[in-house]
Amino acid sequence: MNKILKYIGVLSLLLFVGTSCSDPDNWTIVTETPEGAYVIGDATVYQAAATASYFSPAAIDPRDGEEVEDFNVTSVYTWLKANEEFFIFQVDSEGNEKTFGEGDLIESSYDTYSLAVDAKGFTVENEGLYLLVLNNEDSQLSVVPAKFGIIGDATAEGWDKETIMDVALEGTTVKFSLKDENLNNKGLKFRFIDWGIELPYGSGTVKLHSNQGFSGDDETEISDAAKECKSGGQNFQVSKVGLFDIILSLDLRSKVWKASAKLTKEDTSKVPLPEKMYLVGTVNDWAVDKGLDMIPINPSEGKMFWKILYLKTSDEFKFNADLAWLGNDFGMEGEEPLEAGKHSVGKNNIKVAKDGFYTLRVIITHSTSGQLVKEFEISEPELYIIGETAAGGWDGQLAEADKFTLEGEEFVSPLFNNTNTEGNPKLRMCHPFDGVEWWQSEFNILDGNIVYRGTGDELGDVEVKKGQKVRLNFNDNTGVIE
């Protein structure tokens, strides 16, 4: 009891919200106790610094239909010493003070206790950083070890498991670090427990964020200049492949998280080219796991993907190398709708300047240092019949007379010609691109569906008759020979 009274006395003298003086370690010296809850005790590292030990609104990770305001939950990240006591000190709106210790153990995935007045203090077995969570609705405290690591497709373990970081307390700063860690030029975050901390709350549960990401509205590159983080923040992007010194720090005085990564040795070997490319946006209700497949082309250098699509000016979309948001998506620079042509990539959603059918092509190559260079092209579709059915035959390839025309929402071919072969001619069609042989963008009609050659072998023969034509509907990827 004497120890509890000692902490109450210190806090009553030193707590203050406004400006005051500071001790040698830059802890704020305060003069009265504002309303709220604080962690106190020998287990803590605070030196007359109640504002740093204050429980703030917790970083709730809402699920479907939940609102953050529905939960009366507060939390604080704090460094705790092993086998020393700490307490929860609360001041209500009228200035009444209570000190709580360890009550009954509550069934939970983490150490959760009811709060008991003037009970023995809480303790932890291992020194380190902890997230203390107060369920004010049920008067419960959860003690969650916060052993941060890096996670993401930029890391060796991908998005399934953290690479745990070393941790140390340096003055009033908690510093997590990794030295000479191998990273790919993809995305990462900092995480210490799965994707969220689920704790008992009333008759159900509440879920808190268990990760730190960039505090801005969009993803950003991680660099040797420290950038501020927040719980549940945006992914960081790694711009190069190589070895990095990575730091995640928490200033216990200001409660500000920051992250940095310094490149110590660049890997100039070539980054693997993506095997797949998808479209996701309003064109598929942003269902990233059901991205629209683009057709692959394998040129001699790099990779290409293409797709024909009807787009409205109200549509927005991005390209993505995965069927999940893993940091491999990209869009356009700027915000103005795009005209036809090649464009540099950025993080903004892509928009077009007018309604209509478009051919979208993604081009990915390597830089001289082996990194991925991405660009995309927007154009009007140009479709041709070629070979035996074409007026120009095999010699006069891609003649204007063999080009499809747009009728309503269907592309219609010229009438087939069989003057260049005996018997019925075989239908072959393509969409030519600069720097690509026609057969690499070949397609045909099989069982009423448009089928693309992609990077595979030749498509099966489709015999047609002179005077017939083909109608193509790229809205549902079907075709009719008539």
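Here are the numbers for the structure shown:
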read-out	value
Backbone HN-Hα couplings from phi across the stretch 310-317 [Karplus 6.51/-1.76/1.60, Hz, Gly and Pro as x]	8, 10, 9, 5, 7, 6, 9, 7
Order by protection proxy (mean Cβ within 10 Å, highest first), peptides 331-342, 225-236	225-236, 331-342
For the chain: accessible area per residue (Å², 1.4 Å)	47 Å²
Point-to-point label distance, Val480-Asn349, nm (Cα→Cβ direction, 7 Å offset)	3.4 nm
Net charge of Cβ neighbours under 12 Å - reference Thr365; Lys, Arg +1; Asp, Glu -1	+1
Extended-chain gain in nm, criterion 0.36 nm per residue less alpha-carbon gap, Glu228 and Asn83	49.0 nm
Amide H partners (placed H, <5 Å) of Gly103, local residues excluded	Ser114, Ala116
Highest to lowest packing among 160-167, 172-179, 344-351, scored as the average C-beta count within 10 Å	172-179, 344-351, 160-167
³J(HN,Hα), Karplus 6.51/-1.76/1.60, whole Hz, each residue of the stretch 400-409, x for Gly, Pro	4, 5, 9, 8, 6, 10, 8, 10, x, 10
Extension gain from Leu323 to Ala287, taking 0.36 nm per residue of separation minus the Cα-Cα distance	12.1 nm
Sequence-separation-based contact order of the stretch 277-431, relative, with Cα cut under 8 Å and 6+ spacing, percent	17 percent
The stretch 349-478 - percent relative contact order, Cα under 8 Å, separation 6 or more	20 percent
Backbone N within the stretch 126-150 under 14 Å of label point (7 Å from Asp245 Cα along the Cβ vector)	none
3J(HN,Hα) from dihedral phi, the stretch 284-295, Karplus parametrisation 6.51/-1.76/1.60, rounded to Hz, x for glycine, proline	9, 6, 6, 7, 4, 6, 10, x, 7, 5, 9, 8
Pairwise centroid distance, computed over Cα atoms, of the stretch 356-403 with the stretch 251-316, Å	22 Å
Only Lys, Arg (+1) and Asp, Glu (-1) charged, at Cβ; the chain dipole about Cα centre in debye	860 debye
Cross-link pairs beyond the 27 Å C-alpha cut-off, checked among Lys120/Lys230; Lys307/Lys469; Lys227/Lys290	Lys120/Lys230; Lys227/Lys290
Around Val436: net Lys/Arg minus Asp/Glu count, Cβ-Cβ under 13 Å	-3
Shape box of the chain [Cα atoms, principal axes, largest first, Å]	107, 49, 37
Calculated SAXS-style log₁₀ I(q)/I(0) at q = 0.15 Å⁻¹ - the stretch 138-288, Debye, Cα scatterers	-0.85
Anchor Lys347: aspartates and glutamates whose Cα lies under 14 Å away (excluding residues fewer than 8 positions away in-chain)	Asp217, Asp218, Glu219, Glu221, Glu316, Asp329, Glu333, Glu335, Glu336, Glu375
Label point distance in nm, Leu105-Glu335, each placed 7 Å from Cα along Cα→Cβ	5.5 nm
Carbon + sulfur, % of accessible area of the chain - ligands and nucleic acids excluded, 1.4 Å	44 percent
Within-9-Å neighbourhood charge of Val352 [Cβ basis; K, R +1; D, E -1]	0
Cα pair distances of the stretch 218-258 binned at 5 Å [whole percent]	5, 19, 30, 23, 15, 6, 2
Electrostatic dipole magnitude of the stretch 393-482 [Cβ: Lys, Arg +1; Asp, Glu -1; Cα centre; debye, to 20]	220 debye
Stretchable slack from Glu400 to Ala168, in nm (0.36 nm times residue separation minus alpha-carbon distance)	76.4 nm
Rel. contact order, % - alpha carbon contacts under 8 angstrom, at least six apart, the stretch 104-167	24 percent
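The values are calculated or read from the model by the stated rules, or taken from the named source; none is laboratory data. These figures come from a predicted structure and were not determined experimentally. Glycine gets a Cβ as well: all are built from the backbone with ideal geometry, and neighbour counts include every protein chain shown. Quick note on the areas: whole protein, heavy atoms, side chains included, nothing else; ligands and nucleic acids left out. Shrake-Rupley method; radii C 1.70, N 1.55, O 1.52, S 1.80 Å.
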